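Single-structure report; data block below.
The values are calculated or read from the model by the stated rules, or taken from the named source; none is laboratory data. Everything numeric here is computed off the predicted structure, so don't read it as measured data. For neighbour counting, all protein chains shown are included, and Cβ atoms are generated from backbone atoms with ideal geometry for every residue, glycine included. Surface areas here come from the heavy atoms of the whole protein model, side chains and all, with no ligands, DNA or RNA. Shrake-Rupley method; radii C 1.70, N 1.55, O 1.52, S 1.80 Å.
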Amino acid sequence: MRLGPSKIRGKIEKTLAEDYFKSYKPTYRVIILSMVLSALVLTTVLVSQSYRGILNQYNTYHSPYNFSSAIYSEGALDGDMVNSLKNVEGIDQIHVYQSKDFKLFLGDNEGMLSPELKDAFDKGKKKSDDLYAKIYALSKRDFERLLKEHGAGGNPSYLLLNKISKDDDTPYAFREYIPITDDHPREIRLKYSAEGEPIDVDVGGYIDSMPYGLNAYDNHEIAIFTDVDHLNELFSTYGKEEASPYNEYTIAIRSKDDLEDVSKICEKIISAHYSKSDHFTDTEILNKASEKEQNRNEHVLNAGIQTILVIIALSNAYNSFQSNLRARRRDFQLLTTAGMTDAQTKTMILSEATMLFSRVLASYVAVFFIVIGLRSYRSPFPLRFVIKTLLLSINYLPILVIFAVMISGVLLAVQSGIKSVLEEDIHASL
């Protein structure tokens, strides 16, 4: 081993520690790499978890309704069932509506686009091929209330939600919205398919918000609202889509109290009229139970990953540093022969361990911010926002634990190594 030129700076044992650290740089580089990699794998898992939390909070629509059931039927919705649902005690609000998707081609609707939406298409922020129309057929009561709230004169049959996202990539909570068209009455041409018969819908009024919070604002949806009678008239005139002749209904219920009881009663009423294959119910209770189960599974998985990483980190830290000390046993004996005391030897080895920790920490901090930066750069959120939110939401405890374990491993190796070095006979070393 060549230590190279050395300048004594302060205590001899600390100077020797710096020289040894430089001389065994390749060995220490491997130790640093193994320790940082153990922490890096755990960090990647924790960052991914935090990012999922950000997506759930800022890129997910949170419905004001805690019970929702989608029903598929060949005919009209059962009136007795609807009346029974309305009479359930504990329901704060209930809305029943029918919906149907249609194709919408800009070539069939020349002059429809607002300047803002046309500019979004021209700049590639939105894709015109992704546009579609959905007609929401509300109950007569809900539609009349909607007309009254928005002051729609002339008793129009159809209202257009004149609002769409400015681009397709911005997360839900950060979206900016632009008008779809001007505020003049117009005819919108829809189709069931590209080759299908044109279906003309006379839009006589406009609204600027989703009625009753029934659904999320879809990036590609042109939402049109009417009542059930007008949608049935449309079906009578143009017929139903051959590929999908069934009617789709949605029952949205909000209950402030006794949600569990209300959910059970409502589901029982719906199941009495429609089979399980013809309806799908989603409740806040089911969602929370599913989320709880998912979190539990993630915690179990993470605990397993953390345990494995902790064992690897402890093993790597202990064995690597211990091997380094064993490889240098002759050097320690020669230094002892030259007059270095046991206390100075201990100080020298601990100084090397300290330098190792400082470099591991510096390397990990750099890698940590690289992971944060890459995850943030690839996300659709504003860069500064997602970096700040990730830094504030990450669970740092497992990282601290794994570093504490690695430090303990090195300290155990130091203690064991010092003992063996000081007790070994010089003649045996040579």
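Determine whether residue 363 is of a type in the set (Ser, Thr, Tyr) and either in a helix (DSSP H, G or I) or in contact with an Asp or Glu (Cβ under 6 Å, 6 or more places away or on another chain) (or both). Can you show your working first?
Values: of a type in the set (Ser, Thr, Tyr): yes; either in a helix (DSSP H, G or I) or in contact with an Asp or Glu (Cβ under 6 Å, 6 or more places away or on another chain) (or both): yes.
Yes.
In the list 140, 86, 118, 123, which residue meets the criterion of being more than 30 Å from residue 395 (Cα to Cα) and either touching a residue at least 12 places away in the same chain (Cβ under 8 Å) or in contact with a Phe, Trp or Tyr (Cβ under 7 Å, 6 or more places away or on another chain) (or both)? Give the derivation first.
Numbers: 86 fails: either touching a residue at least 12 places away in the same chain (Cβ under 8 Å) or in contact with a Phe, Trp or Tyr (Cβ under 7 Å, 6 or more places away or on another chain) (or both); 118 fails: either touching a residue at least 12 places away in the same chain (Cβ under 8 Å) or in contact with a Phe, Trp or Tyr (Cβ under 7 Å, 6 or more places away or on another chain) (or both); 123 fails: either touching a residue at least 12 places away in the same chain (Cβ under 8 Å) or in contact with a Phe, Trp or Tyr (Cβ under 7 Å, 6 or more places away or on another chain) (or both).
Selected residue: 140, the only one of 140, 86, 118, 123 that is more than 30 Å from residue 395 (Cα to Cα) and either touching a residue at least 12 places away in the same chain (Cβ under 8 Å) or in contact with a Phe, Trp or Tyr (Cβ under 7 Å, 6 or more places away or on another chain) (or both).
When you check residue 46 against the structure, is it touching a residue at least 24 places away in the same chain (Cβ under 8 Å), farther than 14 Å from residue 402 by Cβ, among the aliphatic types (A, V, I, L, M) and buried (at least 17 other Cβ atoms within 10 Å of the Cβ), yes or no? Steps first, answer last, please.
Details: touching a residue at least 24 places away in the same chain (Cβ under 8 Å): yes; farther than 14 Å from residue 402 by Cβ: no; among the aliphatic types (A, V, I, L, M): yes; buried (at least 17 other Cβ atoms within 10 Å of the Cβ): yes.
Here the answer is no, as residue 46 does not meet what is asked.
In this structure, is residue 331 over 26 Å from residue 56 (Cα atoms), among the charged types (D, E, K, R) and in contact with a helix residue (DSSP H, G or I) (Cβ under 7 Å, 6 or more places away or on another chain)?
When the stated conditions are applied, residue 331 does not pass them.
For the structure I just gave you, tell me whether residue 319 is buried (at least 19 other Cβ atoms within 10 Å of the Cβ) and touching a residue at least 12 places away in the same chain (Cβ under 8 Å). Give the steps one after another, and end with the answer.
Numbers: buried (at least 19 other Cβ atoms within 10 Å of the Cβ): no; touching a residue at least 12 places away in the same chain (Cβ under 8 Å): yes.
So residue 319 does not fit the description; no.
Determine, yes or no, whether residue 298 is charged (D, E, K, R) and under 29 Å from residue 103 (Cβ atoms).
no
What tally of residues in segment 379-394 results from selecting those that are in contact (Cβ under 8 Å) with a residue 24 or more places away in the chain and either small (Gly, Ala, Ser) or exposed (fewer than 12 other Cβ atoms within 10 Å of the Cβ) (or both)?
The qualifying residues number 2.
Restricting to segment 273-285, what's the tally of residues that are part of a helix (DSSP H, G or I) and either more than 16 Å from residue 56 (Cβ to Cβ) or open to solvent by less than 60 Å² (accessible area, probe 1.4 Å) (or both)?
To start, the set of residues in segment 273-285 that are part of a helix (DSSP H, G or I) comprises 273, 276-278, 284-285.
With either more than 16 Å from residue 56 (Cβ to Cβ) or open to solvent by less than 60 Å² (accessible area, probe 1.4 Å) (or both) added as a condition, the list becomes 273, 276-278, 285.
Counting residues in segment 273-285 that are part of a helix (DSSP H, G or I) and either more than 16 Å from residue 56 (Cβ to Cβ) or open to solvent by less than 60 Å² (accessible area, probe 1.4 Å) (or both) gives 5.
Name the residues in segment 56-111 that are surrounded by fewer than 17 Cβ atoms within 10 Å (Cβ to Cβ), more than 30 Å from the chain's Cα centre (by Cα) and small (Gly, Ala, Ser), would you?
Within segment 56-111, 73, 75, 76, 79, 90, 107, 111 meet the criteria.
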